[in-house]
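Input: a single structure, listed below in structure tokens.
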Amino acid sequence: MTIIVSSGFVVAGLNVSSGNPLEILANGSGIFTTILSGGSASVAGGGGALYVTVLSGGVLDGSGELGGDDQVYGSVSGLTLVSSGTLTIGSGGTAGGLTVASGGILGVESGGSTTGTAVQSGGAELVEFGGVASGDIIQSSGTLFLEGGGTAVDVGIQSGGMAEYGGNVTGALTVSSGGVVTNATVLGGVTVSSGGTFELLGATLLSGATVSLLSSATAAALTIDKGAALLGAGTLVGESFVAGSISGVTFEGQGAIVLSSGATAVGVTFTGGELQVSGGASATSAIVSSGAVVNVFSGGVATGDRIRSGGAEFVSSGGRAVSATVSSGGLEYALAGGTTTGTVVSSGGDEFVQSGGVASATMILSGGEEHLYGGVTSAVIVESGGREIVSSGGLAHETIVSSGGLEYVYSGGVASAIKLRGGEALISSGGVAIATTVSSGGVDYVLTSGATTGTVVAAGGDEYVQGGVTSSTELQSGGKQHVFNAGVAVSTTVSSGALEVIYGGGVASGLAVLAGASLVDDGEVLISGAGTLAGFLSGGGEIVQTGAGDLLISGGGAAFDGSAVISAGTVELATSGALGTGFVQFFEPATGSAVLQIDAADAPAANGTFANTISNFSGAHDDIDLRSIAYVAGASAAIVGSTLVLTDGANTYTFDLAGTTAGAYPVLSDGHGGTLIDPTAAAAHKALDPKVLAFAHTLAAFAPSDAATAAMVSSTSPGGQTPLLHAAAGRL
């Protein structure tokens, strides 16, 4: 028999059993109703039931309202829980299609479940440990509370709705604009629409879970387990721990994203906070600015990060950063044991390689800079307007400096195998460069206290030495080396077609000038022992032989008017005019010999005069070796005015002298078939300065006749005439 409660009637304390269904019509109501196993009750629209208990196996449905304190262990569906009404779904109980109105509270206990519940404004649903809510919709100002151990499946949080999760989110959770979710453990998929908020305070996205944050949506304080994912274009704040994956979101404010082993972060934008990439984790294409920091720790890898104004990336020991881009105001640091590869530093950006750090294949664009403070770089490319700065303890290896680029090495920094391809290197203040190659348009500056070794200067390249020291430079055809005041070049080789220029105060030691090369010497060339000056010689500087061995001067010296100084060893003049109009000066060594060897091409002709003045030819250890003039027994040499005249049978050979002279000049065999003049006695008098003597020779063209000459002097003896008049008369 069916029990019907019509409009205006109330039934109270009724037990509804099997075969006796209860129907509450519009405007009817039931109070303290108990629906037994097998029993059923329905509440029509406009009808109501209060304080209902549905036992296991009992059924309550309809479109009416529930109020009071209701308990369901069977099933309930379709009803609306009104203000101040409380409905509890106990163990084994189920609820489907319910509506929780303002002030209503739906509770789901362990073993209970709800499906398709709509929680309206002011309404609330509480899912306790072991309870399950599936397909529920939390509307504006409605609230879903999911306690620890509770489960929500395919829940939607609409605009203005709020879900506070301490339990599990499975299936698909959708958070619409204005919706808020907090404290969830996510096993399924979550979509947070624009304007929605998703907060996981101390909870976890479990493996297989996905949270999608659409534009303008917000998530906070996430813990993302391995196999779980956060993605989308929304905003993440707070401190999040990631063992799974995160992509596309924007991180704002303070806090951090901490990536643990196996975690990945792709395309995350940071406008604050920190990205920590730990061992086994990886970050790709992060955008870092406005005070944000990326820290890459041991075993972590960051790839393709873009470090913008106010952003910084720190790569610690064992960490790696690959293909980062550092733009204006951005900073990248390779710390001790950290490695960067393929970084691009653009205008206003900086990369710092600190002690123990390594950076390779960095590209420095215009306005960008790389700084080495004890670190190591390799294969860096410095483009026009870019700079690599190597200081104390830093080592830059195989840097390529393009036209307009600059490599600066100072204060204990070292650069090896620099390739200047149109760019410049400045080596100064304790900096060292090894095995630099200077190509066309490239310039290597070796400034005060700077040092280079093994530099190769190719065609069109230049090396400027001013206050610094270079050693073992090779000038290839078309290459140039310029040695300025206080600059020193040691063991430079000047190949055919190359140019060596030594300015006043500059020194080239151990210089080798090969045939076809050019040397402009207005400073000092120091040779200690064997050497070769075979190219074109010009200038007014000194060539100084200081050690045992043969210095061969065999090039064209027509434009040279300096001096060759012999304090030890041999200076060999092998070509005609090898010293141009310059002079030879002896400084007698304490031991050994100082020898001027004049070969056939430069030797005076019989009854002729040697082209160069010889100064201070007076010591017992000084020798002139006339290798091509055969020694004749009985040959002699004597001072005549300011000349030394070698008489060899019918032939004489005259040498202009300056400075001190000896009292006697024995003539010996040189042991090679030639003639050796070897002073043995103390100086007798001082001859003309070679510069004065050169001036005297210019007057020779205006010399008076013999008769006029005799009239101008007081004695017919050469000793009574002035050396200048002797020169003018052609007698010197």
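The values are calculated or read from the model by the stated rules, or taken from the named source; none is laboratory data. Note that the structure is predicted; figures quoted are calculated from it, not measured. Note that each Cβ is placed from the backbone with ideal geometry, even for glycine, and that neighbours are counted across all protein chains shown.
Could you list, in sequence order, the residues of the stretch 241-251 that are within 13 Å of T218 (Cα to Cα) and either of a type in the set (A, V, I, L, M, F, W, C) or over 31 Å from the mean Cα position of the chain (by Cα) (or both)?
Matches in the stretch 241-251: V249, F251.
Filter the stretch 500-519 down to the residues that are touching a residue at least 40 places away in the same chain (Cβ under 8 Å) and not in a strand (DSSP E or B), then identify the one that is surrounded by the most Cβ atoms within 10 Å (Cβ to Cβ).
Within the stretch 500-519, the match that is surrounded by the most Cβ atoms within 10 Å (Cβ to Cβ) is A517.
With part of a loop (DSSP other than H, G, I, E, B), at pLDDT 95 or above and over 16 Å from V438 (Cα atoms) as the only criterion, which of G404, G385 stands out?
From the options G404, G385, the qualifying one is G385.
Quick one: which of I287, I257 is under 23 Å from G367 (Cα atoms) and either at pLDDT 95 or above or basic (K, R) (or both)? Step through it out loud before you land on a result.
Details: I257 fails: under 23 Å from G367 (Cα atoms).
One residue alone meets the criteria, I287.
Please find, among V76, V59, the residue that is within 16 Å of T117 (Cα to Cα) and aliphatic (A, V, I, L, M).
Unique residue meeting the criteria: V76.
Being in contact with a Ser or Thr (Cβ under 9 Å, 6 or more places away or on another chain), closer than 18 Å to P604 by Cα and modelled with pLDDT under 95 is the filter here; which residues of the stretch 633-687 pass it?
If the condition is that a residue be in contact with a Ser or Thr (Cβ under 9 Å, 6 or more places away or on another chain), closer than 18 Å to P604 by Cα and modelled with pLDDT under 95, then D648 is the only one that fits.
What are the residues in the stretch 55-67 that are surrounded by fewer than 22 Cβ atoms within 10 Å (Cβ to Cβ) and without any contact (Cβ under 8 Å) to a residue 24 or more places away in the chain, if any?
Matches in the stretch 55-67: L55, G57, D61, S63.
Please work out if S346 is surrounded by fewer than 18 Cβ atoms within 10 Å (Cβ to Cβ) and either closer than 20 Å to S289 by Cα or touching a helix residue (DSSP H, G or I) at 6+ places or on another chain (Cβ under 9 Å) (or both).
no
Tally the residues that are small (G, A, S) and part of a strand (DSSP E or B), restricting the search to the stretch 350-367.
2
In the stretch 423-444, which residues are in a strand (DSSP E or B) and buried (at least 24 other Cβ atoms within 10 Å of the Cβ)?
Restricting attention to the stretch 423-444, the residues satisfying the condition of being in a strand (DSSP E or B) are 424-427, 432-434, 437-438, 443-444.
A425, I427, A433, V438, D444, listed by residue number.
Can you tell me which of (1) among the polar types (S, T, N, Q); (2) over 26 Å from T34 (Cα atoms); (3) part of a strand (DSSP E or B); (4) modelled with pLDDT of 90 or more is the one S121 doesn't meet?
(3)
Mind listing just one residue for me: the one in the stretch 231-249 that is crowded, with 24+ Cβ neighbours inside 10 Å and among the β-branched types (V, I, T) and, of those, nearest to S278 (Cα to Cα)?
V242
Scan the strands (runs of 3 or more DSSP E) fully inside the stretch 298-349 and keep the ones with 1 or more residues being of a type in the set (F, W, Y).
It comes to 312-315, 331-334.
Out of the residues in the stretch 317-353 that are out of contact with any Lys or Arg (no Cβ under 9 Å at 6 or more places or on another chain) and polar (S, T, N, Q), state the one that is farthest from T271 (Cα to Cα).
S317
Between a first residue in the stretch 636-653 that is within 17 Å of A611 (Cα to Cα) and free of Cβ contacts under 8 Å to residues at least 24 places away in the same chain and a second residue that is assigned to a strand (DSSP E or B) and hydrophobic (A, V, I, L, M, F, W, C), which pairs have beta carbons less than 9 Å apart while being 6 or more apart in sequence or on different chains?
Going by the 9 Å Cβ cut-off, the qualifying pairs are V645/A637; V645/A638; V645/I639; V645/F655.
If you scan the stretch 107-118, which residues turn out to be under 60 Å from the mean Cα position of the chain (by Cα) and not in a strand (DSSP E or B)?
Answer for the stretch 107-118, where residues must be under 60 Å from the mean Cα position of the chain (by Cα) and not in a strand (DSSP E or B): G116, T117.
Which of the residues that make up the stretch 410-445 are of a type outside the set (A, V, I, L, M, F, W, C) and closer than 20 Å to A361 by Cα? Steps first, please.
Residues of the stretch 410-445 that are of a type outside the set (A, V, I, L, M, F, W, C), as a first pass: 410-413, 416, 419, 421-424, 428-431, 436-437, 439-442, 444-445.
Scanning the stretch 410-445 gives G413, S416, K419, R421, G422, G423, E424, T436, T437.
Hey, could you check the stretch 238-265 for residues that are assigned to a strand (DSSP E or B) and of a type in the set (S, T, N, Q) and say which is farthest from V322 (Cα to Cα)?
Filtering the stretch 238-265 for residues that are assigned to a strand (DSSP E or B) and of a type in the set (S, T, N, Q), the one farthest from V322 (Cα to Cα) comes out as S240.
Does E572 satisfy the criteria of being of a type in the set (D, E) and more than 14 Å from P679 (Cβ to Cβ)?
So E572 passes the test.
Output the residues belonging to the stretch 266-281 that are outside any loop (DSSP other than H, G, I, E, B), out of contact with any Leu (no Cβ under 6 Å at 6 or more places or on another chain) and buried (at least 19 other Cβ atoms within 10 Å of the Cβ).
Initial filter on the stretch 266-281 (outside any loop (DSSP other than H, G, I, E, B)): 266, 269-270, 274-277.
In the following step, the residues that additionally are out of contact with any Leu (no Cβ under 6 Å at 6 or more places or on another chain) were identified as 266, 269-270, 274-276.
Result: T269, F270, E274, L275, Q276.
Go over the candidates S37, S18, S42, S7 one by one and state the one that is outside any loop (DSSP other than H, G, I, E, B) and more than 17 Å from V108 (Cα to Cα).
Criteria check complete, one pass: S42.
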